[in-house]
Amino acid sequence: MLKIAEAGDFDVLLVDDLSRLSRDQVEGERAIRRFEFRGVRIIGISDGYDSQSKSRKVQRGVRGLMNEIYIDDLRDKTHRGLMGQALKKFWAGGKPYGYRLVQIKDEARRDSYGNPIAIGTGLEVDAEQAAIVREIFERFADDASHRAIAMLLNESGVPSPDSAWNGRTVRRTSGWLFTTVYEMLGNQLYRGRYVWNKTIWLKNPDTGKRIKRPRPSAE
């Protein structure tokens, strides 16, 4: 959008409110200043923001802070909910290769339709994928390298974990990578050990990319 603004293809930007532009106060301010420099007027329909108003800096400063606090609060609530699931011995992550996700239901509690209420998520072994997991560990135990194992799986036409990924971002490859094999061999879950909350995702303020960092072991 900033690139299009540089070309002068539009002169007014309509947003529902400033949170739709960004919930990061610093990023939002930087973007707005770039738009203003290029003569683009920004109007927030719901919150009444107008970049041509004399009070615009106060408005976006207050709203930017509120939007950022909202995200922090939402992140804490989400994490607290996941922690509650983990403490109950339920699964609180994505679908690991070799398993399928199953709903845990409380037969003593019913919804308005008379169905048992889902109270959490558990893991169930996927027999087909589990055979591949065992093969990876067995070949590594026989001194095959991560790269050699990945090549063998690709040659055998075994679908990789990423090939069944239904996210919005297009993956670079649908085949097995040696890094995938490396991560699987180090995954404690395949030992039957469930470790939750090991890492945290942080946004690099310079690049905007999210990176994974280890949490303190006490957490």
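General observations
- If R0 equals 22 Å, the separation of the Cβ atoms of F10 and E36 corresponds to a calculated FRET efficiency of about 0.95.
- In the stretch 170-219, trypsin sites (Lys or Arg not before Pro) in a DSSP loop with at most 14 other beta-carbon atoms within 10 Å: R171, R172, R193, K198, K209
- Remark: W176, W201, W91 ranked as W201, W91, W176, counting other beta-carbon atoms within 10 Å and listing the fewest first.
- Order of S217, S163 - criterion: other Cβ atoms within 10 Å of each residue's Cβ, fewest first: S217, S163
- Under 5 Å between amide hydrogens, built in the peptide plane, is the criterion, and for K105 it picks out I119 among residues at least 5 positions away or on other chains.
- Of the chymotrypsin sites (Phe, Trp or Tyr not before Pro) in the stretch 6-80, those whose Cβ has at most 16 other Cβ within 10 Å and which sit in DSSP loop: F10
- Estimated at 0.36 nm per residue, the fully extended path between I200 and T179 surpasses their Cα-Cα distance by 5.6 nm.
- Close amide H partners of L13, meaning residues 5 or more places away or on another chain with modelled amide H under 5 Å apart, are R41, I42, I43.
- Coupling constants for the stretch 204-214 follow from the phi torsions by the Karplus curve (6.51 cos²θ - 1.76 cosθ + 1.60, θ = phi - 60°), and in residue order they are 6, x, 7, 9, x, 7, 8, 10, 9, 10, x Hz; glycine and proline get x.
- With viscosity 0.890 mPa s and temperature 25 °C, the Kirkwood radius over alpha carbon pairs of the stretch 35-169 converts through Stokes-Einstein to a diffusion coefficient of 118 µm²/s.
- Subset of K57/K77; K57/K212; K105/K203 violating a 32 Å alpha-carbon distance limit: K57/K212; K105/K203
- Short-range pairs are left out: with C-alpha atoms under 8 Å and at least six residues apart, the relative contact order of the chain is 10 percent.
- Among L18, L65, L202, the residue with the largest mean-square fluctuation in a Gaussian network model of the chain, with springs joining Cα atoms closer than 10 Å, is L202.
- Taking 7 Å steps out from each Cα toward its Cβ at K212 and M83 produces label points 2.1 nm apart.
- Residue separation of E29 and N115 scaled by 0.36 nm, minus their Cα-Cα distance, works out to 26.1 nm of gained length.
- Estimated vicinal HN-Hα couplings, Hz - the stretch 190-201 in sequence order (Karplus 6.51, -1.76, 1.60; Gly, Pro = x): 6, 9, x, 10, 9, 10, 10, 6, 6, 10, 9, 9
All of the numbers you see were taken from the coordinates with simple rules; none came from a lab. Keep in mind that this is a model prediction, so the values were computed, not measured. Glycine also receives a Cβ, built like all others from the backbone with ideal geometry; neighbour counts cover every protein chain displayed.
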